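What follows is a short report on a single structure.
The values are calculated or read from the model by the stated rules, or taken from the named source; none is laboratory data. Quick caveat: nothing in here was measured; it's all calculated off a predicted structure. All Cβ positions, even for glycine, are placed from backbone atoms using ideal geometry, and neighbour counts span all protein chains on display. When the accessible area is computed, the model is the full protein with side chains, heavy atoms only, and any ligands, DNA or RNA have been set aside. Shrake-Rupley method; radii C 1.70, N 1.55, O 1.52, S 1.80 Å.
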Amino acid sequence: MGWFNVTHPASFLLTGIPGLESSHPWLAGPLCVMYAAALVGNTVVLQAVRTEPSLHAPMYYFLSMLSFSDMAMSMATLPTVLRTFCLDARNIAFDACLIQMFLIHSFSMMESGILLAMSFDRYVAICDPLHYATVLTNKVISEVGLAVTARSIITLFPLPFLIKRLPICRSNVLSHSYCLHPDMMKLACADITINSIYGLFVLVSTFGMDLFFIFLSYVLILQSVLAIASREERFKALNTCVSHILAVLAFYVPMIGVSTVHRFGKHIPHYIHVLMSNIYLFVPPVLNPLIYSAKTKEIRRAMVRMFHRLKV
């Protein structure tokens, strides 16, 4: 089938939460609060790392990358979600939907890669502390950031073209208030095998491998910590990992939950699918700044000093 000789709708119709359409105006308030919390919280973290010399260290550089990806994810979904829930404006142009799809999947993959880099940071800090400064130099950190970004762009670059090659003629109604590749390809009235295989390949080769190596890094960390004689030192070493572990759980648990519900929950009400997908996209950007500000005293101190300077 020719790439340019296929039928596409001029626009898609986005969906809020099926069955709760009358409650959309009430849901708009909490959504606005979540977006505001995500944007403000991650902006504060970025500003704290930028302005505080004590935070100019590998761990906090990776944290600032995580905050940037969370902010970008929120900004990618914010326009359509708020239009759908606040204004009941459900239309989105076909090309705009492709762009949003690419951005959402890209920033999600970036976050996974950054969480993997942060686990490597914790591994070096605990298992090889004498070489920490020489292994994680500013150059290495910059290269890791570029590699994570390049991987996301290169891996997901084919997705919009894989959708464009499909004739969309079954319907133009999407299941969410934003655009996702699995949701769009299901509307095609043609063979979607290539899309499905490529989507599975991306999921396993990036998110799956990232999660495997994060798990492996913590197995090695745990082995190293258990070899420490002092109980107090063991607790201190593990305590430096708590924030990262919570961030990993906040990201991967909803993702695994969404995948499980979509694959095995065919008889579950559709609004459960939608709620799970929304949790996966909206909760990590809100929780991550709270996790790191609550569990990392250096971040708390930097925030206090920053707000004190603003008052003065």
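Return the subset of Lys139/Lys297; Lys164/Lys186; Lys236/Lys295 for which the Cα-Cα distance in this structure is over 20 Å, preserving the input order.
Lys139/Lys297
5 Å is the cut-off here: which amide hydrogens, built 1.01 Å from N in the peptide plane, fall below it relative to Cys169, excluding neighbours closer than 5 in sequence?
Distant-sequence amide H within range of Cys169: Cys189.
With a sphere of radius 13 Å drawn around the Cβ of Leu115, what net charge do the other residues whose Cβ falls strictly inside it have (Lys, Arg +1; Asp, Glu -1)?
-3
Using a cut-off of 14 Å between beta-carbons, work out the net charge of the residues near Leu27 (Lys and Arg +1, Asp and Glu -1, Leu27 not included).
-1
Work out how much length Thr51 to Asp95 would gain on full extension: take 0.36 nm times their residue separation and subtract the Cα-Cα distance, in nm to one decimal.
Residue separation times 0.36 nm, minus the Cα-Cα distance, leaves 11.9 nm.
Where does each of 111-123, 179-191 land if you order them by average Cβ count within 10 Å, highest first?
The densest-packed peptide leads the list: 111-123, 179-191.
What full-extension length gain, to one decimal in nm, is calculated for Tyr132 and Glu21 as 0.36 nm per residue of separation minus the Cα-Cα distance?
34.6 nm
With r as the distance between the Cβ atoms of Thr43 and Val304 and R0 = 22 Å, compute the FRET efficiency 1/(1 + (r/R0)^6) and round to 0.05.
That gives a FRET efficiency of 0.85.
Nearest 10 degrees, 0 to 90: what angle lies between the long axis of helix 24-51 and the longest principal axis of the chain (Cα atoms)?
Computed tilt is about 40 degrees.
Please report the net charge: other residues with Cβ closer than 11 Å to the Cβ of Leu166, K and R +1, D and E -1.
It works out to a net charge of +3.
How big is the gap, in Å, between the Cα center of the range 93-161 and the Cα center of the range 1-58?
One Cα centre to the other: 19 Å.
Heavy atoms only, 1.4 Å probe, whole protein assembly: order Leu146, Leu162 by accessible area, highest first.
Leu146, Leu162
Helix 193-202 sits at what angle to the longest principal axis of the chain, using alpha carbons and giving 0 to 90 degrees rounded to 10?
10
Once label points are set 7 Å from the Cα along Cα→Cβ at both Glu233 and Phe157, what is their separation, rounded to one decimal in nm?
4.9
Given axes a ≥ b ≥ c from the Cα gyration tensor, I'd like to know whether the range 1-80 is rounded (a/c under 1.5), prolate (a/b larger than b/c) or oblate.
Oblate.
Could you work out how far helix 297-311 tilts from the main Cα principal axis of the chain, as a 0 to 90 degree angle to the nearest 10?
80
Where does each of 68-76, 126-134 land if you order them by average Cβ count within 10 Å, highest first?
Going from most to least packed, we get 68-76, 126-134.
Provide, as a two-decimal number, the C-alpha radius of gyration of the range 39-141 over 2.2 N^0.38 Å, N being how many residues it has.
1.38
Using a probe of 1.4 angstrom, how much of the accessible area of the range 137-254 is carbon and sulfur, in percent?
Taking all protein chains in place, the range 137-254 shows 73 percent carbon and sulfur surface.
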